[in-house]
1. Any residue at all in the stretch 41-50 that is touching a residue at least 40 places away in the same chain (Cβ under 8 Å) and among the aromatic types (Phe, Trp, Tyr)?
2. Show the residue pairs that are 6+ apart or on different chains and have beta-carbon atoms under 8 Å apart, the first residue being within the stretch 117-134 and in contact (Cβ under 8 Å) with a residue 24 or more places away in the chain and on the phi < 0 side of the Ramachandran plot, the second being charged (D, E, K, R) and surrounded by 24 or more Cβ atoms within 10 Å (Cβ to Cβ).
3. I want to confirm something. Restricting to the stretch 18-49 and keeping residues that are under 17 Å from residue 136 (Cα atoms) and not hydroxyl-bearing (Ser, Thr, Tyr), which single residue is surrounded by the most Cβ atoms within 10 Å (Cβ to Cβ)?
4. Take residues that are modelled with pLDDT under 75 and farther than 17 Å from residue 6 by Cβ and tell me which of the helices (runs of 4 or more DSSP H) falling wholly in the stretch 38-138 contain 3 or more.
Amino acid sequence: MPRILAIDYGQKRTGIAVTDELQIIASGLTTVPSQTAIAFLKDYFSKENVAAVLIGEPKQMNGQPSESASIIKGFVTHFTNHFPDMKVIRVDERFTSKMAFQTMIDSGLNKKQRQNKALIDEISATIMLQDYLTRKMI
């Protein structure tokens, strides 16, 4: 069965998570500089079978698009130009960064380790993906 990949795109860094081949468990894959995300994905897609890509959709508390929504929309356009046959699923990414930070605390990471923004982005992508998998199974 092909994998599902999740992308937490940001201006500087992009967190990436992926499922196992049975699409049961989400795991953090990496964080890459955003300007290299497409190149990284081209390489990854050439090696792994991926059925769909989740891309975070930043929203405000009232459900309206957040300030960074236009940046993400530009990335989605760029992504679909490079991968026109890849299924793209937009998912709400509200609170994922806060949940990622709390996960780091709960995991016992020290203060210095919790300042690793790349790790926060990777965990955020993992949370988005695991939430999607959970909702898909219901």
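1. For the stretch 41-50, residues touching a residue at least 40 places away in the same chain (Cβ under 8 Å) and among the aromatic types (Phe, Trp, Tyr): present.
2. As it stands, the answer is 121/8; 122/8; 124/8; 124/93; 125/8; 128/8; 128/93, since those pairs meet every condition given.
3. 26
4. Passing ranges, in order: 96-106, 111-114.
The values are calculated or read from the model by the stated rules, or taken from the named source; none is laboratory data. All of these numbers come straight from a predicted model, not from anything done at the bench. No Cβ is skipped: glycine too gets one built from the backbone with ideal geometry, and neighbour counts run over all protein chains shown.
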